[in-house]
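The values are calculated or read from the model by the stated rules, or taken from the named source; none is laboratory data. Small disclaimer: the values here were computed from a predicted structure and weren't measured. Note that each Cβ is placed from the backbone with ideal geometry, even for glycine, and that neighbours are counted across all protein chains shown.
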Amino acid sequence: MSPERDAPQAVGVSVPRTDGVEKVTGAAEYAADVRPPGPWLWAKVLRSPLPHARIVRIDATRARRCPGVHVVLTGADVAGRLLGRRIKDAPVLAQDVVRFVGDPVAAVAADDEESAERAAALIVIEYEELPAVFDPLEAVRPGSPLVHPDVARYEGLPHPLDGPTNVFVRNEWGRGDVDAGLAGADVVVENTFTTARMHQAYMEPNSCLVWIDPEERVQVWASSKIPHTARSHAAYAIGVPPERIRLLPVTIGGDFGGKGQARNVPLCYFLAKASGRPVRMVSDYTEEFMASNPRHPAVLRVRTGVMRDGTIVAHEVDIVFDSGAYGGFIPGGFLPGARSATGPYRIPNARITASHVYTNSVPGGYMRGPGRIQAVFSIESQMDCVAEAIGMDPIELRAKNLVRDGDETGVGERFHHVRGVETLEAAASAAAYGAPKAPHVGRGIALTKQEAGGGVAHASVALGPDGSVVLGTPIFEQGTGTYTLLRQVVAEVLGLAPERVRVEVWDTDAVESDSGISGDRGARLGTQAAYGAAEAAGREACKLAAELLGWPEERLRIRGDDVVRDDTGDAQPWAALLARTGEPAVGAADVEDDVDAGLTAFTVQIAEVAVDVETGRVRLLRLTSAHDTGRIVNPQGHQGQIDGGVVQGVGYGMMEELRSEGGRVLDVSFADYKVPTVADIPELTTVLLEPGTGFGPLNVKSIGETGNGPTAAAIANAVFDAVGVRVRDLPVTAERVHRALKEVRG
């Protein structure tokens, strides 16, 4: 069933956000707002002050005697209980050893937050300090302190290990003969790039509430965007079947990759079990910065072989990711975006190696474009270095080597309906790339591609006898506007206005599994499920009309509020027909998609900067972002995703760095950890290519992770164009630019 031509258009127009009114009025309920039945307790965690130490003794006597305290737990109370999205290496509470400053050592549940904090401060812990390692390059050397001596025995390792090592995962991708390619190149360019640790900076801190009900079911309200995954991870750590746990929907105040795990749910469960009461835990932002799961810092060593005419013949990248103290917060055990280190270029000989290394630092997790953002900074900075080495314009070099239909990338990917060159040309035109510039003003270009992730999605649509339209979804939306998109899709199929569609969010009991919001799945998979469910509901209403009216079912369509015969034009309100039975017409759709790997989306960005040569200060004057899109469901929401991604990329490129010293995070508040504000946002120009080939019946492409990918490299390249110095270490701060200028002058 497809929407009639005279039906109101719902897809392709900007409609108000479904969650907008609740959020601006304060009616939205977050995990911290939920009130469980009966009295509940607050939980607080005591964290390690040392980066690596043996726990010699814990004395919680004074804490247990504190007024209002119901239970105090230590590692001995949860021995053997491990967290991990794949690799099970993170204890619920530290057992015998702490591995970073912020490792949870003990937990208290009390009548109120202040009492819990007071009691936690009274716990006495005696440590025996152990040698620590903070530099990932040092951690891989023989003789370095081992963060996890028993790593080879851990469950969930992507590849078996022979013995103790800090390199717990190592992946390799590529094709051809890199050594021969480099040997035959006219020019070989070598560089080392580094990227910084970056916090997701969501406004709502991680929060959860756990209640064990009278039937011993574990009822959970948590700020997790992947509830089914969080349920399975919590079940493993707790030691119960997943079906014993039920996650209920709450509003999520931002995510950017940082809330895709069970986090504090297992600890709250054990406190609730011991106390007999529901337990709530809300992290403060000091805990968020010192003990959450930020983007991994990385060291990327790159060699590129190129011919004088600009043909790239070989490319080699060795990436070392600093994973911090644990690897359990990475979904697959490694960062898949590292494969992007060859870019969307036609390279016959390529090799990428990516090592994930334990250090005694805050453990890394997922953040928007995991591993890809670091990889894109290296390849797009390197492309400009190659262009300089052979005297070619950076755009010309990219256009010469970009893949076309049927070409293979350096890791063997092939795509069809490729629009990389078109996107490149559109960006250059909109940014006036070749126009004259003032002194110390530069323009830099960078690009990337983005494939969509596979997964499972579900939806139902119910047409009610009262004329209602209810969309059911298992998605816990984190603020990206997914519910708005799904309403628009249902409305488009049925020929209704989007405001007629009400969204009903299911808890985890509703379906066996769902991929949730991650990896650009919300728009791509969610809209397919909503589309299929709306079509199925329409068919059910048409079937009933055929039975009650004697009309031929194959000639019936839903058009707005009516069932219409397309041969005669006769119509009957479907609500009136449903009222005769008293039952709704319900349709459901389940989408399981392994992804057509032959489709990708390109983003090209051009940054224009002005550099003060006396201070090194960089001012971002303008940023142009060009996108190869599919059909756009909600233009305003689509633009919001681009703008938000660009601003996040500006933070990564120019200011955001979660600094540490001796394993201790130095930036433990937003007063110290700087994110872009309105004063840092330049003129933003967006260029959208005409919709190309996309996914599903609506021909969509995702936009969530593309906008922040090339930004940092575009800025670094623009700085070079402005003043002739190459900053290879993110972020591109005034201090680094000034230092580079001094070295050139010296």
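Taking Glu547 as the residue in question, decide whether it is more than 22 Å from Ser702 (Cα to Cα), part of a helix (DSSP H, G or I) and out of contact with any strand residue (DSSP E or B) (no Cβ under 9 Å at 6 or more places or on another chain).
The answer is yes for Glu547.
Can you name every residue in the stretch 463-484 that is outside any strand (DSSP E or B), modelled with pLDDT of 95 or more and β-branched (Val, Ile, Thr)?
Thr484
Go through the stretch 116-166 and give me each residue that's surrounded by 17 or more Cβ atoms within 10 Å (Cβ to Cβ) and either among the aromatic types (Phe, Trp, Tyr) or in a strand (DSSP E or B) (or both).
Ile125, Tyr127, Phe134, Tyr154
Can we say Asp566 is loosely packed, with under 14 Cβ neighbours inside 10 Å and under 30 Å from Arg414 (Cβ atoms)?
Criteria not met by Asp566.
Residues Gln9, Gln95: which one is within 18 Å of Ile238 (Cα to Cα) and either modelled with pLDDT under 95 or of a type in the set (Phe, Trp, Tyr) (or both)?
Gln95
So, Ala597, is that one of a type in the set (A, V, I, L, M) and either at pLDDT below 95 or out of contact with any His (no Cβ under 9 Å at 6 or more places or on another chain) (or both) or not?
yes
Can you spot a residue in the stretch 370-377 that is more than 21 Å from Ala183 (Cα to Cα), part of a loop (DSSP other than H, G, I, E, B) and not assigned by TED's automatic domain parsing to the domain that holds Asp89?
Checking the stretch 370-377: at least one residue is more than 21 Å from Ala183 (Cα to Cα), part of a loop (DSSP other than H, G, I, E, B) and not assigned by TED's automatic domain parsing to the domain that holds Asp89.
From Asp407, Asp393, Asp466, grab the single residue that is over 26 Å from Gly653 (Cα atoms) and not assigned by TED's automatic domain parsing to the domain that holds Glu504.
Asp407
Here is a list: Ser513, Ser460. Which entry is outside any helix (DSSP H, G or I), in contact with a His (Cβ under 7 Å, 6 or more places away or on another chain) and not charged (D, E, K, R)?
After applying the criteria, what remains is Ser513.
Do you know which residues across the stretch 697-746 are in a loop (DSSP other than H, G, I, E, B) and more than 21 Å from the chain's Cα centre (by Cα)?
Pro697, Leu698, Asn699, Gly724, Val725, Arg726, Val727, Arg728, Val732, Thr733, Gly746
Please tell me if Arg351 is outside any helix (DSSP H, G or I), touching a helix residue (DSSP H, G or I) at 6+ places or on another chain (Cβ under 8 Å) and farther than 22 Å from Val72 by Cα.
The answer is yes for Arg351.
Examine the stretch 139-157 for a residue that is without any contact (Cβ under 8 Å) to a residue 40 or more places away in the chain and in contact with a helix residue (DSSP H, G or I) (Cβ under 8 Å, 6 or more places away or on another chain), and state whether such a residue exists.
yes
Considering (1) farther than 24 Å from Phe289 by Cα; (2) under 24 Å from the mean Cα position of the chain (by Cα), say which one Trp221 fails and leave the rest.
(1)
Can you pull out every residue in the stretch 264-303 that is among the basic types (Lys, Arg) and more than 19 Å from Glu117 (Cβ to Cβ)?
Within the stretch 264-303, Lys273, Arg295, Arg301, Arg303 qualify.
Give the residues of the stretch 35-81 that are among the charged types (D, E, K, R) and closer than 17 Å to Leu93 by Cβ, sorted by residue number.
Correct list: Lys44, Arg47, Arg54, Arg57, Asp59, Arg64, Asp77, Arg81.
In a loop (DSSP other than H, G, I, E, B) and within 30 Å of Gly651 (Cβ to Cβ): is that true of Val189 in this structure?
no
For the stretch 438-457, indicate whether the set of residues that are without any contact (Cβ under 8 Å) to a residue 40 or more places away in the chain and surrounded by fewer than 24 Cβ atoms within 10 Å (Cβ to Cβ) is non-empty.
yes
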